[in-house]
Amino acid sequence: KGAVEGGQLSLYFQPKLNIRARSLYGVECLVRWIHPVHGFIPPDEFIPLAEQTGLILPLGQHILHTACQQLVRWAAQQATAHLSIAVNVSARQFRQPDFAAQVLHTLRETGANPKRLKLELTESLLLGDMDDTIERMVQLKREGVGFALDDFGTGYSSLGYLKRLPLDQVKIDQSFV
């Protein structure tokens, strides 16, 4: 919690490119922790800990809010107004009863365009209540928020699941390529 409040977390934006058009169309938001004593702490060390302790909820909200603020800054400049930001959402965060309301509140509060926000979900989310998952996704999609399924093929989901989900993108795990 101190990392969020202490400003030790930084967001980095990994470019997403359209290879055919040779153009940048968006970014994926990546969080990095620079601890004042221990230095760089890799995400594969602090994200699981945040999941276990429940700190993933304030961390996820901080990332979402910061990403939406960036969308607003980019929207004010012609060269970057078209860019979208993809934000990873943990299954624990997504399953919060007020998750959709939190996302919509953050969009309204920051003034970010929902059509420029894409939420990336993991396959672990599909192990829960599928109808509830779809309902939340549809609620957010109605407002313009996009969805991607990240690292498809690493978990237990099947192509049958994909047909039911209102996804805009499926990111296939590298092991299949």
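Among 124, 84, 23, which one moves the most in a GNM of the chain with springs linking Cα atoms closer than 10 Å? Looking only at 124, 84, 23, the largest GNM fluctuation is found for 23. Expressed as a fraction of 2.2 N^0.38 Å, the C-alpha radius of gyration for the stretch 45-84 is 1.58. Highest mobility in the GNM of the chain, judged by mean-square fluctuation with C-alpha springs under 10 Å and restricted to 131, 150, 44, is found for 44.
If 172, 34 are ordered by their accessible area, calculated over protein heavy atoms with a 1.4 Å probe, which sequence runs from highest to lowest?
Details: 172 105, 34 75 Å².
Descending order: 172, 34.
Considering only 80, 63, 101, the residue lying farthest towards the positive end of the dipole of the stretch 30-147 is 80, judged by Cα position with unit charges set on Cβ. Restricting the calculation to alpha carbons of the stretch 88-127 gives Rg and Dmax of 11.1, 33 angstrom.
Taking the charge dipole of the chain about its Cα centre, with +1 at Lys and Arg Cβ atoms and -1 at Asp and Glu Cβ atoms, the residue from 90, 172, 54 reaching farthest to the positive side is 172.
If the segment from residue 129 to residue 38 were pulled out straight at 0.36 nm per residue, it would be longer than the present Cα-Cα gap by 28.8 nm.
Accessible surface ranking for 37, 170, 1.4 angstrom probe, highest first: 37, 170.
Accessible area ranking (1.4 Å probe, heavy atoms, ligands and nucleic acids excluded), largest first, for 143, 120: 143, 120. Only alpha carbons enter this Debye calculation for the chain, each as an equal point scatterer, and the log10 of I(q)/I(0) it gives at q = 0.11, 0.15 Å⁻¹ is -0.48, -0.93.
What figure, in Å² to the nearest 10, do you get for the accessible area of residue 115 with a 1.4 Å probe and non-protein molecules left out? Roughly 150 Å² of residue 115 is accessible to a 1.4 Å probe. The charge dipole of the chain, taken about its Cα centre with unit charges on the Cβ atoms of Lys, Arg (+1), Asp and Glu (-1) only, comes to about 720 debye. Hey, rough spin-label estimate for residue 172 and residue 22, points 7 angstrom out along Cα→Cβ, what's it come to in nanometres? Between residue 172 and residue 22, the simple spin-label model gives 2.7 nm. The label point for residue 101 and the one for residue 69, both projected 7 Å from the Cα toward the Cβ, are 2.4 nm apart.
The values are calculated or read from the model by the stated rules, or taken from the named source; none is laboratory data. This one's a predicted model, so the numbers in the text were calculated from it and none came from an experiment. Quick reminder, even Gly has a Cβ in these numbers, built from the backbone with ideal geometry, and neighbours come from all protein chains shown. Only protein heavy atoms, including side chains, enter the accessible area calculation; ligands, DNA and RNA are left aside. Shrake-Rupley method; radii C 1.70, N 1.55, O 1.52, S 1.80 Å.
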